[in-house]
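Notes for the one structure printed next.
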Amino acid sequence: MSARSLRIVGALLLLPGFAGPATAEYGDVVINNYSDAAGMRPVIFPHWFHRVRFRCAACHADLGFKFKAGGNEINMMKIIDGEYCGACHNGEIAWSVENCDMCHSAKPGTPTQVHESTVQKLLAPAKPKPRQ
């Protein structure tokens, strides 16, 4: 196959709907142990996004995350104190906790689970910005 043909095939695969729906290999984890009760949207944790950057031990051994969705008593005070997600999401390694909507983005009422679909099926619509 010529280089030109390869470029055409590659471009076709990038067209919406041509290659089929995207899926996360290890699924997204919805965390809603406390969010709904606190009036916040549940958290979507993009496991695969983190997994391609770190080995399992970075979170599951070094930071103490259990290998079970909902098995960790994660709350914002622990994160602010540098536990769990807060070990990296401290404003130096990754964004800090002031960006609530970066994590708290799931549709309200989504239960804690490993969700084997794309994030688009979980995301709550963005809040409209107030007009000035």
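Under the condition of being aromatic (F, W, Y) and surrounded by fewer than 16 Cβ atoms within 10 Å (Cβ to Cβ), the residues counted in the range 82-103 number 1.
Only helices (runs of 4 or more DSSP H) whose full extent lies in the range 32-81 are considered here, and none of them has at least 2 residues that are on the phi > 0 side of the Ramachandran plot and exposed (fewer than 14 other Cβ atoms within 10 Å of the Cβ).
Only one of the numbered conditions (1) in a loop (DSSP other than H, G, I, E, B); (2) of a type outside the set (K, R); (3) at pLDDT below 90 is not met by V114, and that is (1).
The values are calculated or read from the model by the stated rules, or taken from the named source; none is laboratory data. Note that the coordinates shown come from a computational prediction; the quantities given were computed from them, not determined experimentally. Glycine also receives a Cβ, built like all others from the backbone with ideal geometry; neighbour counts cover every protein chain displayed.
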